[in-house]
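To start, the structure itself, in structure tokens.
The values are calculated or read from the model by the stated rules, or taken from the named source; none is laboratory data. Treat the numbers as computed from the prediction; the structure is a model and nothing was measured. Positions of Cβ are backbone-derived with ideal geometry, glycine not excepted, and every protein chain shown enters the neighbour counts.
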Amino acid sequence: MKFNWIFSNNADKNLQKQSVELEYRLRPKITKFLMEHLEQECCGDFSCFYFDVDMKTQRVLLSEKTPKNFFDKIKNEFDIQINRPQNLSSVS
């Protein structure tokens with residue numbers, strides 16, 4: 001899986017460090033979601049999945065670079081489960 005980090009204006013070193021730490025917390029959560037929803041349909045490494053992480057809005061979006069068949073199947077549930085009424089700073 002690949003992450004595209006979206007920063008507002010200039011990202012300082014602190015924000016870049018936060019994004020690295022956030023990625024370490026997001027990967028297990030997203031992997032678990034993908035395994036629950038697509039394990040039988042994927043090869044297992046999820047390398048074809050792309051995510052846009054907007055640091056300003058604190059949301060993770062399934063990128064349209066993700067293959068359409070997977071994108072269409074999980075886009076609604078992904079947003080509900082990954083972007084619950086919590087912000088990214090509380091991802092566990």
Checklist entry - Looking only at the range 1-38, which residues are part of a loop (DSSP other than H, G, I, E, B) and loosely packed, with under 11 Cβ neighbours inside 10 Å? => result Ser8, Asn9, Asn10, Asp12
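For every residue, the table says whether it meets (1) closer than 17 Å to Arg84 by Cα; (2) among the β-branched types (Val, Ile, Thr); (3) touching a helix residue (DSSP H, G or I) at 6+ places or on another chain (Cβ under 8 Å).
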site: Ser19; (1), (2), (3): no, no, no
site: Leu22; (1), (2), (3): yes, no, yes
site: Arg27; (1), (2), (3): yes, no, no
site: Glu41; (1), (2), (3): no, no, yes
site: Thr57; (1), (2), (3): yes, yes, no
Checklist outcome for this item: Within the range 39-58, of all residues that are modelled with pLDDT under 95 and of a type in the set (Asp, Glu), the one surrounded by the most Cβ atoms within 10 Å (Cβ to Cβ) is Asp54
Next on the checklist: Pairs please, first residue from the range 10-25 and under 12 Å from Val53 (Cα atoms), second anywhere and at pLDDT below 80 and surrounded by 12 or more Cβ atoms within 10 Å (Cβ to Cβ), Cβ atoms under 9 Å, 6+ apart in sequence or on different chains.
Outcome noted: Ser19/Ala11; Leu22/Leu88; Leu22/Val91
Next on the checklist: Among (1) surrounded by 14 or more Cβ atoms within 10 Å (Cβ to Cβ); (2) modelled with pLDDT of 90 or more; (3) not β-branched (Val, Ile, Thr), there is one condition Glu64 misses while meeting the rest; what is its number?
Outcome noted: (1)
Next on the checklist: Against the condition closer than 23 Å to Ser8 by Cβ and either assigned to a loop (DSSP other than H, G, I, E, B) or more than 12 Å from the chain's Cα centre (by Cα) (or both), how does Lys73 come out, does it pass?
Outcome noted: no
